[in-house]
Amino acid sequence: MSNGVKLYTLFCAIFCTIIITSNLIFQKFISFELFNQKFDITVGVLFYPITFLISDLVTEFFGKKNATFMVKVSVVCSIIILILIKIADACHSNSWSKVDDFTFHVVFGSYSFAVIISIFANYVGQVTDIYIFSYLKQLTDGKYLWLRNIISTLAGLTVDAVSITSLLSIFGLIEFEHFKAIMFGGIIFKLFATIISVPIYYLFYHR
């Protein structure tokens, strides 16, 4: 197995791991303040920007086709996890189980519907990032890495944040009164994470 195949496999594994983990922990929300304005974000957002860094690296080194395939693999993995959780939720716990049926259902009960929304938003956001990054690479003749990374990632993250927050609000999984704070909180955090990721991107590029 070549080093290129090993690296691509590693990227795919990390990408899918973060996607699945973000879906599992998304129901916990935290707050932060910026310019005296309070914003709310799900803890799933904390690690999510890494997936866009990976998708840009895969697009750069392995091409748009392989990057898109990686995203599709994450969709398949998420669906498998969804099925496994539904089966586990349907099983009744023992009387001595530290996690009873009610507790398990509270944590994972809405996962099935929410993950469908997340899969859709993630796929659209990631594909947006990949196609914009690939287009800008052709447009700039492979130059301006930082610009391609920031523009494509910000576009993909914004599409993802708006899509998932809107759909979760429409279907009652988050209260509408929190819609604005969660959506803009996610976008601001992701923008900050995108800017920070630029040096990391260059580090991989020049190795």
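Considering only residues that are at pLDDT 75 or above and surrounded by fewer than 16 Cβ atoms within 10 Å (Cβ to Cβ), look in the stretch 163-190 and name the one that is farthest from Asn149 (Cα to Cα).
This residue is Ile170.
Could we say that Ile41 is farther than 23 Å from Cys12 by Cβ, crowded, with 16+ Cβ neighbours inside 10 Å and of a type in the set (A, V, I, L, M) here?
yes
Only one residue in Ile30, Ile50, Ile20 is among the β-branched types (Val, Ile, Thr), out of contact with any Phe, Trp or Tyr (no Cβ under 9 Å at 6 or more places or on another chain), closer than 22 Å to Gly156 by Cα and in contact (Cβ under 8 Å) with a residue 12 or more places away in the chain, so which one is that?
It is Ile20.
Here are the criteria: (1) in a helix (DSSP H, G or I); (2) surrounded by fewer than 16 Cβ atoms within 10 Å (Cβ to Cβ). Tell me which single one Ser97 does not satisfy.
Condition not satisfied by Ser97: (1).
Run down Ser134, Ser152 and say which single residue is among the polar types (S, T, N, Q), on the phi < 0 side of the Ramachandran plot, in contact with a Lys or Arg (Cβ under 8 Å, 6 or more places away or on another chain) and in contact (Cβ under 8 Å) with a residue 24 or more places away in the chain.
Ser134
Within the stretch 1-42, can you find the residues that are of a type in the set (S, T, N, Q), over 19 Å from the mean Cα position of the chain (by Cα) and in a helix (DSSP H, G or I)?
Asn3
What do you reckon, is Phe52 within 13 Å of the chain's Cα centre (by Cα), closer than 22 Å to Ile187 by Cβ and either part of a strand (DSSP E or B) or not aliphatic (A, V, I, L, M) (or both)?
Taking the combined requirement at face value, the residue satisfies it.
Among Asp129, Asp141, which is under 19 Å from Phe15 (Cα atoms), charged (D, E, K, R) and at pLDDT 85 or above?
Just one listed residue meets the conditions, Asp129.
The values are calculated or read from the model by the stated rules, or taken from the named source; none is laboratory data. It should be emphasised that the depicted structure is a prediction, and the values quoted were computed from it without experimental measurement. Reconstructed Cβ throughout: ideal geometry from the backbone, glycine too, with neighbour counts over all protein chains shown.
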